[in-house]
C-alpha cells in the first residue's frame, strides 16, 4: 500500500502551494469536502473497514453539508479565477488522500503494528516530496530558508499523531464518520488560526463562519445512525 503515502504527499504539496494564498480555513474546507466524498465511496465498497457502510440519507446528508461548507468559504473570492483554481488543488488532494486511513489500517492489520503503517506512510511521502524538491532545485526555482517561528516545526509531529489515530479509529468508525468528525476540529482550528494570527493576511468572512457551522452540522448528522445503533445495542444487552 505505498499509494497512501503518495496521497499524503499530495496533501502536503497542496498545503505549501495554496494554503497561504487561500487562507487556512478555505484550504481546509476544500480539502475536507473531498476527503468526505472519497470516504463515502470507500465505506460503501468496504475499503479499509470491517464491514461495508451503505449509503443512507444521514450519511449522504452529512457529506452534502461538507460540500456546502466549501462553497460558502470559497464564495467571497468566486470572481477570482486564480483563487478557484488554487482551491481545486486541495480538493484534488483530498480525493487522492481520502482512502489514506483505510490503506494505513490495512497495513497495520497485516503487520500487527500501527508503527509499521505510520513509518511506511512517511517513507513513501518523504520520497515523493523529496523527488519533487530535487527537480525544483535542479531547475533553480527554490531558495532554502528555514522559518524562525518555532511552531512552524510542529507540522511533522502533529501529522504523525493524526495518522496514528486515524489508523486506529478508522476500522471502528468508518472513513466517512472519521472524516466528518475530524472536520469539526480542523475547521475550528483553521478559523482560529486565520483570526488569531493576522500577520498571515487571511480574512475570516461571515460566510467562513457559516461554512464552519455547516461542517459541524454535517459531523453531527453523520453520527446519528451509529449513535442510535449503539443505544439500541446497549438496551438489548440490558434486557438480556
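Every number here is computed from the coordinates shown, using simple stated rules; none is lab data. The model shown is predicted, which means the values in this text are computed figures rather than measured ones. Neighbour counts are summed over all protein chains in view; Cβ atoms, including those assigned to glycine, are modelled from backbone coordinates with ideal geometry.
Explain nothing, just the number: relative contact order of the range 3-239, from Cα pairs under 8 Å at least 6 residues apart, as a whole percent.
That works out to 34 percent.
What's the percent breakdown of Cα-Cα distances in the chain across 10 Å bins, shortest bin first?
8, 29, 34, 21, 6, 1, 0, 0
So for 120, 151, 99, fewest C-beta neighbours within 10 Å to most, what's the order?
Result, fewest neighbours first: 151, 120, 99.
Once you have a ≥ b ≥ c as the square roots of the Cα gyration tensor eigenvalues for the range 48-160, tell me rounded if a/c is under 1.5, and otherwise prolate or oblate according to whether a/b is larger than b/c.
oblate
Between the helical axis of 100-111 and the dominant principal axis of the chain, each derived from Cα atoms, what acute angle in degrees is found, rounded to the nearest 10?
Roughly 70 degrees, rounded to the nearest 10.
How far is helix 155-173 tilted off the main Cα axis of the chain, in degrees rounded to 10, range 0 to 90?
Approximately 20 degrees, to the nearest ten.
In deg cm²/dmol and to the nearest 500, what is the mean residue ellipticity at 222 nm of the chain if only DSSP H runs of at least 4 residues count, each as -39500 (n - 2.57), divided by the residue total?
Theoretical 222 nm ellipticity from helices: -26000 deg cm²/dmol.
By how many degrees, 0 to 90 and rounded to 10, does the Cα axis of helix 175-196 deviate from the longest principal axis of the chain?
It works out to around 40 degrees.
Determine one quarter of the surface area of the Cα convex hull of the range 1-113, which equals its mean projected area, and express it in nm² to one decimal.
The Cα convex hull of the range 1-113, projected and averaged over all directions, gives 7.6 nm².
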